[in-house]
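Have a look at the structure below before the remarks.
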Amino acid sequence: MPAATNTSYPIHVASADEFSQALQVRIRVFVEIQKFSAELEPDEHDPTATHIVVIDPTINNVIGTLRILKSPGTAKLGRVAVLPEYQGLGLGKKLIEFAEQHIVDHLDQFKCEVIKLGSQMDKIGFYQKCGFVRKGEVFDDDGAPHVWMVKDVGV
């Protein structure tokens, strides 16, 4: 089903049921399409992560997701995924913006000054448009080259 360009897609912190749907989005995008290892979905970080989802209200299903992990001084974004039929609508950028605002609104929980993420090489331009800057050398993540990208928390 093609995505409607005139639809408003709500974004919020996932409920337990929505996390199950988010996991299915991640499996489709990362395992089925991008061919990452199925053993990585879910992983040991999911139980403690904050999961953000975007919903298609016409079908009441999760169509995109990301997670936020806490580490000392840093909030780490990861598992950013939007179903292919909804790509190109700006939903990935809106997920990132929502996550950034969530981090700022909950600084007492995240206790960070920097947001970082590991970007696939072909996604660097997308994250640069979201204000992230490449930092460090290329590293391998499940057979795919990645690079760290960072952004100061805007407070």
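The values are calculated or read from the model by the stated rules, or taken from the named source; none is laboratory data. Owing to the predicted nature of the structure, the values given are computational and were not obtained by experimental measurement. Here the Cβ positions follow ideal geometry from the backbone for every residue, glycine too, while neighbour counts run over all protein chains shown. These accessible areas exclude ligands, DNA and RNA; they are computed on the full protein's heavy atoms, side chains included. Shrake-Rupley method; radii C 1.70, N 1.55, O 1.52, S 1.80 Å.
Here are the numbers for the structure shown:
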{"read-out": "Elements of type helices (runs of 4 or more DSSP H) in the stretch 1-115, at least 3 residues being among the polar types (S, T, N, Q)", "value": "16-26"}
{"read-out": "Some residue of the stretch 75-86 being in contact with a strand residue (DSSP E or B) (Cβ under 9 Å, 6 or more places away or on another chain), surrounded by fewer than 13 Cβ atoms within 10 Å (Cβ to Cβ), within 20 Å of ASP141 (Cβ to Cβ) and not aliphatic (A, V, I, L, M)", "value": "no"}
{"read-out": "Any chance ILE59 is open to solvent by 60 Å² or more (accessible area, probe 1.4 Å) and in contact (Cβ under 8 Å) with a residue 24 or more places away in the chain", "value": "yes"}
{"read-out": "Residue list for the stretch 96-131, filter: without any contact (Cβ under 8 Å) to a residue 60 or more places away in the chain, closer than 21 Å to ILE11 by Cα and within 14 Å of the chain's Cα centre (by Cα)", "value": "ILE96, GLU97, ALA99, GLU100, GLN101, ILE103, ILE115, LYS116, LEU117, PHE126, TYR127, CYS130"}
{"read-out": "Residues of the stretch 114-140 classified as acidic (Asp, Glu) and at pLDDT below 95, total", "value": "0"}
